[in-house]
1. So if I check each of ILE123, ILE146, which one is outside any strand (DSSP E or B) and away from ligand 1 (no atom under 16 Å from the Cβ)?
2. Which residues, counting only those in segment 40-59, are in contact (Cβ under 8 Å) with a residue 24 or more places away in the chain, surrounded by 15 or more Cβ atoms within 10 Å (Cβ to Cβ) and of a type in the set (D, E, K, R)?
3. Could you please tell me which pairs satisfy a Cβ distance under 7 Å, a separation of 6+ or placement on different chains, a first residue in segment 127-144 that is assigned by TED's automatic domain parsing to the domain that holds ASP84, and a second residue that is more than 9 Å from ligand 2 (Cβ to nearest atom) and charged (D, E, K, R)?
4. Quick one: THR101 ticks every box in (1) surrounded by fewer than 16 Cβ atoms within 10 Å (Cβ to Cβ); (2) among the β-branched types (Val, Ile, Thr); (3) not in a loop (DSSP other than H, G, I, E, B) bar one, so which box is it?
5. Could you list all residues from segment 60-69 that are in contact (Cβ under 8 Å) with a residue 12 or more places away in the chain and over 10 Å from the mean Cα position of the chain (by Cα)?
6. Between a residue in segment 104-126 that is closer than 14 Å to HIS139 by Cβ and any residue that is acidic (Asp, Glu) and assigned to a loop (DSSP other than H, G, I, E, B), which pairs come within a Cβ distance under 7 Å, given they are 6 or more apart or on different chains?
7. In this structure, does ARG96 turn out to be free of Cβ contacts under 8 Å to residues at least 40 places away in the same chain and basic (Lys, Arg)?
8. If GLU98 satisfies all but one of (1) out of contact with any His (no Cβ under 9 Å at 6 or more places or on another chain); (2) over 30 Å from HIS34 (Cβ atoms), what's the number of the condition it fails?
Amino acid sequence: MQKIFGNLILFLTYLSIGRAKEKYTTFVISGNPHNLAVNSTPFIRIDDGYYNFGQDKVNWYVAYENCRKLGSELVTFETAEEFDAVTGYLKNKGERSEHWTSGNDLGKQGTHNWFADATPININRWAPKQPDNAGGNEHCIHLGYIYGDSKDIQLNDRPCNNAKSLFKYVCEAKQETVSIVLWK
Ligand SMILES: [Ca+2]
Ligand SMILES: [Ca+2]
């Protein structure tokens, strides 16, 4: 009797697993098209991007390493809209510090690329007369109020590893991926 009961339990378990398999399907969708609530700590969502604002003042290489430790890269501004959104966030906070971006011309002097994805910097957000490679030694791009009378946050080139060029930094994470379970 005990054996039959045991077999019955096994059979019912088998049935329920078999049925459960047919009840739902898992889809993996890139991004978060339905704006589901996602805990993105330590990254802050601004428009469609996720950013972390490094508060220590370091050279460009250390800034990059610190972003990598968070599984991210120094920020890349693919569009002027993204630049305006992130700098708007800083301006709203009254933040006047300078921040490193992933931009540089370390690979080829005068060719400024975003290091995170190797695309050219083609947003028109340079400070007046920048990039100027002052002293022949400015190869990394930061953002900030570049001149004493600057009214807006703009881009400028500075030495990548210099005691006078220690800045905060903006890390950018890839978009999160959301798994959605659909019940049939
Ligand atoms: Ca970006
Ligand atoms: Ca410069």
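The values are calculated or read from the model by the stated rules, or taken from the named source; none is laboratory data. Note that the structure is a prediction, hence the values are computed from the model and not measured. Note that each Cβ is placed from the backbone with ideal geometry, even for glycine, and that neighbours are counted across all protein chains shown.
1. So the residue among ILE123, ILE146 that is outside any strand (DSSP E or B) and away from ligand 1 (no atom under 16 Å from the Cβ) is ILE146.
2. If the condition is that a residue be in contact (Cβ under 8 Å) with a residue 24 or more places away in the chain, surrounded by 15 or more Cβ atoms within 10 Å (Cβ to Cβ) and of a type in the set (D, E, K, R), then LYS57 is the only one that fits.
3. Pairs that qualify, where the first residue is assigned by TED's automatic domain parsing to the domain that holds ASP84 and the partner is more than 9 Å from ligand 2 (Cβ to nearest atom) and charged (D, E, K, R), are HIS139/ASP105; HIS142/GLU98; LEU143/GLU98; GLY144/GLU98.
4. It fails just one condition, (1).
5. TRP60, TYR61, ALA63, TYR64, ASN66
6. Listed pairs, sorted by first residue: THR111/ASP105; HIS112/ASP105.
7. Details: free of Cβ contacts under 8 Å to residues at least 40 places away in the same chain: no; basic (Lys, Arg): yes.
In short, no.
8. Condition not satisfied by GLU98: (1).
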